[in-house]
Each structure stands twice: as structure tokens, then as C-alpha cells.
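Structure record follows, encoded as C-alpha cells.
Just so it is clear, none of the values below were taken in a lab; they were calculated from the coordinates. Please read these numbers as outputs of a predicted model, since none were measured by experiment. With ideal geometry, Cβ positions are generated from the backbone for all residues, glycine too; neighbour counts draw on all protein chains shown.
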Amino acid sequence: MTALTAASQNLSSCHLCYKLAPSEVHRCPRCGAAMHQRKTASIQRTLALLITASILYIPANILPIMITDQLGSAEPSTILGGVVLLIKLDSVPIAAIIFIASVMVPLSKFFAFYYLCWSVEKNAMTSPRQNTTVYRMAEFVGKWSMVDVFVVAILVALVNLGGLVAIKPGAAALAFACVVIITMVAAESFDPRLMWDKTDKNNE
Amino acid sequence: MKQTNNNNIIINASPFLIACPSCDLLADTSKLHHGETANCARCNQFLCRYKDDGIARALSYTLSALILFAVACSFPFLSFKAAGLESVMTLPQTAWALYSGGMPELAILVAAFIMFIPLVVLLLLLAVCIPIYRNKPNTLLTTSGRLIFILQHWAMAEVFLIGVIVSLVKIAAMATVEMGISFWAYAAFTICFTLAISNLDRVQCWSEIERLTPEAIK
């Protein structure tokens, strides 16, 4: 049996207020948001944003995320350098939080979305249920990568004892913030319903 | 609008008939009782949670969050002592220090994520919940409602809180760090903010808005 979806009934659903309207309507009659049956150019947009974020991820890791100025000597540290420092300070759980939030989460997000775009575009025989779980996880963890940027902001504001010790923000902080924002927008541009459309079509 | 399909299921204009945002399967959420949640039958996506007093709850958490936010902005957040010197940090200073540190773009982003967006979402929650609660629609109701659901993903109060804890551990070896009143106020603010957002159910909120502004629905 074919699944009873909004698209099969010639309806589109407002992404903002969930109102159902005939698919020829282009503005939600209830909330006024732009309405499409499927997000426009979803795969292209997601891929474009993913590539941008992947490129920005390089300076985010190479450039220093913060510079510690202690008694006149400046010491820059990168994201991975910070993780190593935390392990040396014996705070392994915190090192794990930073490592997961700043390295594992962005990387797994890249892989997850590249994989999802590939499976939709190439019509791969993958389970939509499984892929939806991948999508949901990748979407959920999105903003948690911002932790490292906030840590820099807090340290810069807090550690400021004139000439004795001060922390300054590094260029990588901005690059990394952009990576997080762009991947969040990429997650929003990806339309998970495309994965189900394939199975719906095969079942017809 | 009425439409029949070959399965003889009538699609009417009920605001409780929705399509799963993640797999497009239609779901009727009109028969939920107080406290029940609906998940998609096919992909298990969370659809909505119905509470009789959802709007009232959202309103009360919003008011609490606003008061806590005012407290969080006005007192010391963290203080840092080393070698007899002390530096005190307030919440707005987290963004300000980045600005004076030569990164105005990052300062704007941080200020937006931890202060402005949560504050704007709270004010919009007031603009939506009060008219619904008092049964008096106004012209800004739909716009405010729309903005809430656009902006809510971009509020990062809870992420910032984890950031504070990480920072504490990072510099604990370097100096003595103390948490001020604002830290606790911000932690409580985060909880109230999250509860306010989660109590404003999308389906319920928009069905109430639809009920109050019937002339707007074409």
C-alpha cells in the first residue's frame, strides 16, 4: 500500500506552522511563510554550504583559537592544542567534551550530510528510516559545537590581569563559529522527505 | 477546503491534521489528551505534545526567564583571582571583550547567541502567549509566532552554560575562580527558557492563532 503522505494528496505542509494547503499555494495562508512541497534545490544548497564549511574548517584548525599573553610572552594555541593541554592538566572529561564538540561533531556532521546528499542524489538503496536517524542526530548536535567559541569568549573576558596574564581571541574562533553556523544552515536546507519520496515511488 | 482521495479519507481544514516534517506522512493529532505526545507512525519523528494549559505554562516560564535574564545581566558572572589581582566578568562583557580584543564580528555573533536571540524569543513569546491567554488577537500575532519558530534554533543559552563549565576547569589550575550571582541566575534562566520553548507546542500554538485570527486564513 502506498503511504498516505501530504504530497500524495497534492498538499504541501508549511515548514513553519505545519499548515496543510493545496500544493499550488506558495505562501502559507496561516502564517505567511513561503511554502513549497519540498525545500527548493535542497541537495544543491546543502552541498554548497557543506563545501563552504569544510573549507572553513581548515583555517579553524590551523590558526590559533586564542593567544595567552603571560608576562609579555604570547603563546598561541589551536583547538587540538587546547585538547592536549587539558589532557596534560589531568582533566580528561573536559578534554573529551572539547574534543567531541570541536572535532568529532563537525567532522561527523560533514560525513553525515555528504552521505545523505549522496544517497538521495544517487538514488542509493539505503533505508530511509536509518537515514532519518542519521539526519536527526546530525541536526541535533549542530549547535553544541559552539562550546569552544564560547569558551574563548569567556576566557578572553575573564582572564585579564593587565601585564601579568591576558587571553586574546584568535582568528580560528571566527572561522570555527562560521563552520558551526554554516553547517546549521546546511542542516536546515536539507529536506529529509526526499529520502522517503524514493521509497514511496518504489512502492507505487 | 475539502478533498477526498481514493482511500476515502477526508482532508478538511483541521489544524490538527499535519504532515510529518521529516517524512511527509499525514497524521491526525486532534485526539491527544493532556500530557500526551504524538510521534510519526513511520519515522518516529516527534510531532507535538498537547497540554491543556500549555500556553499558560509557556507564559509563566517566559516571565520567570525574563526576570532571571535581567538578574544575569546585572551582577558579576565569574571572578578570577591570581597573584593578589582580581578580575570580574559580567555577562555582557563576554561579548564586549571580544569586541575590544579586535574581533567585532565574533562579538556580535556571541552576543546574539547568548543574549539577544534568547531575549527576543522571550519577548515574542510574550507577544504570542498574552493575546492567546487573554483571547484578544492583535495584528502582530502571526508575525511574532512566525519569528519564534525561526529564531528558537539559534538561541544557545544551554551551550553557553556548558562553555562556562569547560572554562572553569580550564583555568582552575591557573587561578581561583568564583561563580557570581549572575552565573546561577543564567543557569536558572536557561532552564526556564528551555521549558518556555518546549511548552509552546507548534501545533497547539498555531491552532490557537488560527482560532483567534480567522479572517486572516484564506
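Where does the charge balance sit around B:Ser198 when Lys and Arg score +1, Asp and Glu -1, over other residues with C-beta under 11 Å from its C-beta?
Combined, the nearby Lys, Arg, Asp and Glu give +3.
Mind checking which aspartates and glutamates have their Cα closer than 16 Å to the Cα of A:Lys143? Skip sequence neighbours fewer than 8 apart in that chain.
Of all the aspartates and glutamates, those that pass the test against A:Lys143 - Cα under 16 Å, at least 8 places apart if same chain - are A:Glu188, B:Glu158.
Would you mind working out the magnitude of the charge dipole of the protein assembly as shown relative to its Cα centre, with +1 at each Lys and Arg C-beta and -1 at each Asp and Glu C-beta, to the nearest 20 Debye?
Roughly 840 debye for the protein assembly as shown.
What cysteines in chain A have no other cysteine with a beta carbon less than 4.7 Å from their beta carbon?
Here A:Cys117, A:Cys178 come out as lacking a disulfide-compatible partner, given the Cβ-Cβ threshold of under 4.7 Å.
Kirkwood hydrodynamic radius, segment A:1-124, all distinct C-alpha pairs: what's the number in Å?
The answer is 18.7 Å.
When Cβ neighbours within 10 Å are restricted to other protein chains, what is their mean count per residue of peptide A:98-105?
Mean partner-chain Cβ count within 10 Å for A:98-105: 1.
Return one quarter of the surface area of the convex hull spanned by the alpha-carbon atoms of segment B:63-218, equal to its mean projected area, in nm². List each step's numbers first, then the result.
On the way: hull surface 42.6 nm².
Dividing the Cα hull surface by four gives the mean projection, 10.6 nm².
Give me log10 I(q)/I(0) at q = 0.13, 0.23 Å⁻¹ for segment A:99-193, Debye formula, one equal scatterer per alpha-carbon, no solvent.
One equal scatterer on each Cα of segment A:99-193 leads to -0.53, -1.11.
Between segment B:76-153 and segment A:136-204, how far is it from one alpha carbon centroid to the other, in angstrom?
If you average the Cα positions of each part, the centres end up 18 Å apart.
Among the listed pairs A:Lys109/B:Lys170; A:Lys88/A:Lys109; A:Lys168/B:Lys170; B:Lys31/B:Lys51; A:Lys19/A:Lys39, give every one whose C-alpha distance is greater than 18 Å.
With Cα atoms farther than 18 Å apart: A:Lys109/B:Lys170; A:Lys88/A:Lys109.
Write out the cysteines belonging to chain B for which the nearest other cysteine Cβ is not under 4.7 Å, or none if no such cysteine exists.
B:Cys48, B:Cys73, B:Cys129, B:Cys192, B:Cys205
Evaluate the protein assembly as shown: find the radius of gyration of its Cα atoms, find its Kirkwood radius, and give the ratio Rg to Rh.
Computed over Cα atoms, the ratio is 1.02.
In segment B:39-196, with Lys and Arg counted as +1 and Asp and Glu as -1 at Cβ, which of these residues, B:Leu123, B:Thr94, B:Val177, has the Cα nearest the positive end of the dipole, that is, farthest along it?
B:Leu123
Output needed: percent of Cα pairs per 5 Å distance bin for segment B:49-149, bins running from 0 to the one holding the longest distance.
With a bin width of 5 Å, the distribution comes to 2, 11, 16, 17, 15, 12, 10, 8, 5, 3, 1, 1.
Using helices alone, I'd like the mean residue ellipticity at 222 nm for chain B: each DSSP H run of four-plus residues gives -39500 (n - 2.57), total over residue count, nearest 500.
-17000 deg cm²/dmol
Any chance you could run the full-extension gain for B:Ala83 through B:Met174? It's 0.36 nm times the residue separation minus the Cα-Cα distance, nm to one decimal. Provide the component values of the computation, followed by the final result.
Values: separation 91, 0.36 × 91 = 32.76 nm, distance 1.01 nm.
Computed gain between B:Ala83 and B:Met174 is 31.7 nm.
Which order results if B:Asp201, B:Asp24, A:Asp69 are arranged by neighbouring Cβ count within 10 Å, fewest first? Working shown, then result.
Details: B:Asp201 22, B:Asp24 29, A:Asp69 16.
So the residues, fewest neighbours to most, are A:Asp69, B:Asp201, B:Asp24.
If you project the alpha carbons of segment A:36-184 onto their three principal axes, what span does each projection cover, largest first, in Å?
60, 29, 23
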